[in-house]
1. Can you work out the base-10 log of I(q)/I(0) for the stretch 1-82 at q = 0.17 1/Å, using the Debye formula on its C-alpha atoms alone?
2. In Å², what does the accessible area per residue of the stretch 152-299 work out to with a 1.4 Å probe?
3. Roughly how many debye, to the nearest 20, is the charge dipole of the stretch 304-368 about its Cα centre, given +1 on each Lys and Arg Cβ, -1 on each Asp and Glu Cβ, and no other charges?
4. For the chain, what does the relative contact order come out to in percent, with C-alpha contacts under 8 Å and a separation of six or more?
5. Largest first, what is the accessible-area ranking of 307, 78, 155 with a 1.4 Å probe?
6. Can you order the peptides 352-358, 420-426, 382-388 by their average number of other Cβ atoms within 10 Å per residue, highest first?
7. Please list, or write none, the aspartates and glutamates whose alpha carbon is within less than 13 Å of the alpha carbon of residue 201, excluding same-chain residues fewer than 8 places away.
8. Tell me which GluC sites (Glu not before Pro) from the stretch 249-314 have a DSSP coil assignment and no more than 10 other beta carbons within 10 Å of their own.
Amino acid sequence: MTNNCQVVWENCLHIIKRSVPPQSYQTWFEPIQPVKLENSVLTIAVPNKLFYEWLEENFVQILRNTIFQVLGKDGRLRYCILNNGAVPKPNASNNGAAESLAPSESPMVPGTFDIEKIKDPRIIPGIRRDKVVSNLNANYTFETFIEGDCNRLARNAGLAVAKKPGGTAFNPLFIFGDVGLGKTHLAQAIGNQIVQQFPDKLVLYVSAEEFTNQIIQAIKKNDVNAFVNFYQALDVLIMDDIQFLSGKQKTQEIFFFLFNQLHQSGRQIILTSDRAPRDLEGIEDRLISRFRWGLSADLHAPDLETRMAILSAKLERAGVKASQDVLEYICYNIKDNVRDLEGIMATLLAQATLMRREIDLELAKKAILNFVKSPSRGITMEAIQNLVAEHFNVPVKTLSQEGRKRNLVVPRHIAIYLCKQLTDHSLKAIGKAFGGRDHSTILYSCRTVQDMIDTDPTFRANVEELEKKVKMSLSH
Ligand code: ADP
Ligand code: MG
């Protein structure tokens, strides 16, 4: 009987092999074992539910035709699954060509599979549950992830997910944003928090790239089952930089099934990407539509205050003090990437240590040269004039004309003052840039502005804001 069913299955395989790509054949058909043949019903054993679903979704037609060819019109196919987890319900769409067996009926063939190993999907061949490495970096926590307008939604969604993994509507939680804005940090913070609160939960952080490599290895070693079983056992899957899957069809196929499997059984999925789901190219629509099932939350570039809070928290953790001036200077100049803030900090720490000196403005200015193309050194008078004119909504040429109207005089004074403050040009050169005024006129403008700054807080705030604008606009 066994021999007979083996012969029949081999005949089937011959036909199948001609109809499916070699890779699919190897992955999805070679691991199948024929179990028995009774009254034209061939029973095959598949390693897990995923396999069954996969075959049903992708190859049901081929299987049906094959069975009919080999066993005749009455031919039927049954699946049995060699683990004692849920057995799939018979699929209504398959006209009875495929059925499944209840666990008690499952005819196990000793030695065909190592039943012990895959009986409990939590017991992964070769990997003990308590030995599973989550791959999480312990430094990436919520405590160290500074909140700001730029990340509030994503951070709060992350906290909710961490409290109730799989139990919120945020499944998957899809975090996206530009490089260096904290996607990896936030995704790992969620993982760390879950591990801490629910030590029994199996959490895995993996980059999409690493995941892809694992699949390639698994296929090479003919070990896709173990791979799939491992991922199916996770309570929380964190996959970083999902855009990497773009164009990788095989990986996407497997990921799609894992995604469904995990999602159906209420496991939490957290994904990060450098762009929104709709902008992902080279990724199958059915995956993208699943990415949208939960919540997509984007990270923006942090505003000045958040940048300062991040930097000062990081300095504090490193046990270093820096004055407000230094913090401000750095954060004015480093705008859209938190990673660069850290780079600056590392440079500053190294220099301060090597030169045995405090972190002061001078040191900060030097350090920043490596990170931005034109710090305040590169500020031109023309740029100041343009910004001031824009700020006060006056034509830029009026700054160098004679007019005495107050609405023109004030902007002119301020532009001159800023040129004196923010560039190295002489009074004479500044005078020239402002319609050929002499140096005493320039000095007068500077003093006037200084007096007003000293006496009028609103005015001072205005000038300071402009100063920031100038510095910030020129930091690229
Ligand atoms: P991404 O994965 O988006 O490229 P990362 O998560 O690697 O960015 O973040 C870059 C660096 O910036 C990390 O070291 C991270 O700790 C830090 N970072 C980003 N956002 C914040 C934040 N809000 N608070 C503290 N550190 C942050
Ligand atoms: Mg990252």
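The values are calculated or read from the model by the stated rules, or taken from the named source; none is laboratory data. Note that the structure is a prediction, hence the values are computed from the model and not measured. Neighbour counts are summed over all protein chains in view; Cβ atoms, including those assigned to glycine, are modelled from backbone coordinates with ideal geometry. Note: accessible area is taken over every heavy atom of the protein model, side chains too, but ligands, DNA and RNA are not part of it. Shrake-Rupley method; radii C 1.70, N 1.55, O 1.52, S 1.80 Å.
1. Reported log10 I(q)/I(0), two decimals: -0.60.
2. 38
3. In total the dipole reaches around 220 debye.
4. Computed value for the chain: 11 percent relative contact order.
5. Descending accessible area places them as 78, 155, 307.
6. 382-388, 420-426, 352-358
7. Residue 201 reaches 130, 235.
8. 281
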